[in-house]
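Okay, structure first, notes after.
Bear in mind these aren't lab numbers, they're just calculated from the coordinates by the rules spelled out. Keep in mind that what you see is a predicted model, and the values were worked out from it rather than measured. Reconstructed Cβ throughout: ideal geometry from the backbone, glycine too, with neighbour counts over all protein chains shown.
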Amino acid sequence: MKYWIHVAVIFLVGFILCQWLPWWVVSMVAAVSAFLLRSDFWLIGMFGFLAGFVLWGGYAMYIDIENQHLLANRIGVLFGGVSNIIPVIFTALIGGLLCMLGSMLGASLNKSFSASPDE
Amino acid sequence: MSYVRPIVSFLLLIMLILGLSVPINMGGSVLPPIGEFMNPFTGFWSNAESGTHKNIDLTSEKLKEEVSIVYDERHVPHIFAQNTEDLLFAQGYVIAKERLWQMDITTRAVEGRNAEILGISALNRDQGARRKGLPRAAKLAAEAWGQSKEGFQLIQSFCDGINHYIGQLSSADLPLEFKLLDYQPEDWSPYRTALFVKAMAITLNSRNIDVATTNALNLFGENRFNDLYPDRNKKQSPIIQDVKYLPPSLSFEDRVNQAMDQFLNFNERSDQEQFIGSNNFAVSKEKSSTGHVILANDPHLKLTLPSIWIEMHLVCPEFNAYGVSLPGMPGIILGFNENISWGQTNVGHDVLDLYQIKWKDDSKREYLLDSTYQQSEWKIEEFRVKGQDAVKDTVFYTHWGPVLEDPISGLDLAQRWVSLDAPAPGEIDLYININRAKNYDEFQQALQSFSTPAQNFIFGSKDGDIAMTVTGKFPVKQNQQGRFIQDGSVSASAWKGFIPFDELPREKNPIRNYVSSANQHSTDESYPYYYNGGFEDFRGRYINRRLESMDQVSIQDLMNLQLDAYSLKAEEALPILLEHIDDKALSLKESGVLQSLQNWDYVYTSQSKAASYFEIFWNQFYDMVFDEISEARKELDIPYVEAFRLIEMMEEEEEHEIFDIDSTVIRESMSDIIYSSFKACQFDSIDVDVWSERRNTTIDHLTEIPAFGYNDINSPGHPNTPNAISRHAGPSWRMVVEMSDPVRGYGIYPGGISGNPGSPYYEHFVEDWDKGNYYRLNNTRKMEEIDVKQMVTLKPKQ
């Protein structure tokens, strides 16, 4: 359940903060969420990736469909003649990686703090 | 406890963020920092527009009353304001909203500041712009405009509107090109508008072949030079006809004295060779089928995306004007209001001359003038360069203008160019005054402040007047002055003042019931002032012939004339060429080509193969005739002989020595050259594309990024036909206006309103333009008669 909460937090808080703050803020959202949720390092990383991938990729895909692929086609040509879906996937991958590494950082920090100083 | 995982995760995350935060060099082109660029919330994705726009409400303390901006189904902005200042504020806002990056890059190039954003590769061009004195001339212009109190207030309102848009831009709304090049827009000012005016002057008015003609004179000698490069075509059909001119108002000597007084305070000029042309024509109410004046204009410029023009409709109590604006200048530049219509074509007069400077020594601090040494002025220019240290360069100015080194001869040549002089203060609101004008007299009054780039202003009115005025600041020259490099060490080489406004070539309601211009010579030889320079006149002669033969002219007739792809050059040259080809000596395939040419109607339709055959044949023939010039051009810049002169020789001077090929021992005749050139085309072995494929017209983005351009143009036409389309240039705005009540206007340009490559309104007129369609221009004063798709309301701040 908490992994899905993690996904929801990234969706909601990430979506809001990304409107104004620098693009990498989404990884900070993932880190804080993972830190608070006390979760498994690898699992939270996977869910983080999924959340970031869907948030960035999904939003890009929504814009692309509304735009009838006009700009994504042009950017595809600019990036070496690839189709409009490649910029969407590339965007999704960046979002996914940012949230994955952020989640892993948060989870591992939590572990380190909660393990010390008594252990 | 373990710190390995947090440390590794932290380092990987930091590496990812840093890696996505730096520009990436990919095979010479630099991509922006990928993280920010791909961010779907503020990166390039936020420039992908859906085509439906929300209404916007904005406030500004600079506004006096409420302004409504209504976008119609073609996204054309109709601006309704309650006073002229507010109108221009809103126009500035709209232009910035649609074209901010275009405004920035156009003026930045003139200012010599592209290296700041593009890096070292742009430094040479930047240095060129500063050496030509362009930023300095723009400063002079802005200062001159400041003397016109009312005009300056209007330009200030226009700038305020632009800056209001820039001020409220979020990083997500930043135009795509700013994101790609990773920089921010700067505030606009009258100085930047002046830079824009200079950009137009460079495009239209800086043609210069003085070095090339001097080389040709030295190489061929005076007789042969005059034979190959005559000033005029005997068959000319000038713009202004049947006018009896009075002698010049001042004697030549008076002018020299007057000019010398001003002379030492003078400024600069520049050069660039481009072939730009345009058409405009109007028929009187007597010649029109509806009893109203009909006026047409199609300026031929380099076709780009975003388009050089932006269509709009400006309404305020003083006027209701519709047409196209330039993204950086206030008012409607080409268009119509409720009483008059106007258009422009470029004037080809040479207004840029080169003067050879004799320095006292290598320090270039002093130069010879009339046997004394004068101090040169020098300025150290600093160029900021992206990614590296700033570079410095010294620019030298003489009283002739800034000094440039000719790259081939190494000569130091000072440039005297009218566009570097301070303009009349009234230049700033000239187009507003045209927008306000209700009749011929008010139109002429407005034109008085026009200086450069010189234009043939066409005029039509509801009153029934048609007129043409060759307008601009034209130097008074001696015969042949300015065709060659001039001696900069004597003040007698100077221009002798300028032709007074009242003595400019003009005509109103001529007896032939039409006026027209297509960049040919302005007048016949009876005009009392000498001028040189101009363009091939095939279009002009053909258009005049067509207009002469037309009666009961309709709007559709003038549209058809704009779209006409008939070549007078082919009509004159091809029959002579064909006469000299013996078809018995040809292969089967060559006979087919010959037959195709014999059947050709001289129309450059997109599917015509004959048009392509003629182009190949003509170019081959031309090169063989002028083998001397081709040979000399390997080492020297020599001008090409104009086609009209070759046709004249074909018609009247078959025995001319130019038809002999220098490198052979036998003496070739014209007939030999025609036959050899036809054979040399190798029609036997080549596959020839249909005309539109051979011409291969593309509309490039201003950065020439192929992804942002348009390359599927199939229109008929050739640079010598009324529909003058070449590989990169063509009719940049086609307009036909009937001066009925209400006025009926039609127009189209190959682009769209938006400058954003991610907008559906970026290129959405191109397909219709390519097909030769026109849009009805809705110039109603009633907002409810517009199909409103988006509304922007600007309100004064309480």
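The figures follow:
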{"quantity": "Residue mean of other protein chain beta carbons inside 10 Å, A:59-67", "calculated": "5"}
{"quantity": "Extended-chain gain in nm, criterion 0.36 nm per residue less alpha-carbon gap, B:Leu368 and B:Lys795", "calculated": "147.7 nm"}
{"quantity": "Rel. contact order, % - alpha carbon contacts under 8 angstrom, at least six apart, chain B", "calculated": "20 percent"}
{"quantity": "Inter-probe distance in nm under a simple model that places probes 7 Å from Cα toward Cβ, at B:Arg5 and B:Asp712", "calculated": "5.5 nm"}
{"quantity": "For B:12-20, mean number of other protein chain Cβ atoms within 10 Å", "calculated": "5"}
{"quantity": "Residue mean of other protein chain beta carbons inside 10 Å, B:147-159", "calculated": "0"}
{"quantity": "Relative packing of B:102-111, B:554-563, A:12-21, which averages over residues the other C-beta atoms within 10 Å, highest first", "calculated": "B:102-111, B:554-563, A:12-21"}
{"quantity": "At R0 = 30 Å, FRET efficiency that the Cβ-Cβ distance of B:Thr290 and B:Asp768 yields, to 0.05", "calculated": "0.75"}
{"quantity": "Efficiency of FRET between B:Arg512 and B:Leu58 - r from beta-carbon atoms, R0 51 angstrom, step 0.05", "calculated": "0.45"}
{"quantity": "Reachable lysines from B:Lys679, criterion Cα separation under 20 angstrom, eight or more residues apart if same chain", "calculated": "B:Lys584, B:Lys589, B:Lys609"}
{"quantity": "Relative contact order computed over region B:617-727 (Cα-Cα under 8 Å; 6+ residues apart), in percent", "calculated": "20 percent"}
{"quantity": "Listed residue (B:His580, B:Phe626, B:Gln682) projecting farthest to the positive dipole end of region B:568-695, Cβ model", "calculated": "B:Gln682"}
{"quantity": "Charge tally in the Cβ shell below 11 Å around B:Gly592, where Lys, Arg are +1 and Asp, Glu are -1, B:Gly592 excluded", "calculated": "-1"}
{"quantity": "Highest-first arrangement of B:417-430, B:671-684, where packing means the average Cβ count within 10 Å", "calculated": "B:417-430, B:671-684"}
{"quantity": "Qualifying lysines (Cα of each under 21 Å from Cα of B:Lys234; at least 8 residues distant if same chain)", "calculated": "B:Lys244, B:Lys569"}
{"quantity": "On Cα atoms only, tilt of B:4-19 relative to the major axis of chain B in degrees", "calculated": "40 degrees"}
{"quantity": "Value at 222 nm in deg cm²/dmol, rounded to 500, when DSSP H runs of n ≥ 4 in chain B each add -39,500 (n - 2.57)", "calculated": "-10000 deg cm²/dmol"}
{"quantity": "Cα gyration tensor category, rounded, prolate or oblate, for region A:2-109 with a/c compared to 1.5", "calculated": "prolate"}
{"quantity": "Partner lysines for B:Lys360 [C-alpha distance under 25 Å; skip if fewer than 8 residues away on the same chain]", "calculated": "B:Lys132, B:Lys379, B:Lys392"}
{"quantity": "Pair A:Val82, B:Ala172: separation of 7 Å Cα→Cβ label points (nm)", "calculated": "2.5 nm"}
{"quantity": "Euclidean distance of C-alpha centroids, region B:511-546 and region B:145-161, integer Å", "calculated": "36 Å"}
{"quantity": "Length-normalised contact order for region B:345-491 - Cα pairs under 8 Å, 6+ apart - percent", "calculated": "30 percent"}
{"quantity": "Environment charge of B:Asp712, counting only residues whose C-beta is closer than 9 Å and scoring Lys/Arg +1, Asp/Glu -1", "calculated": "-2"}
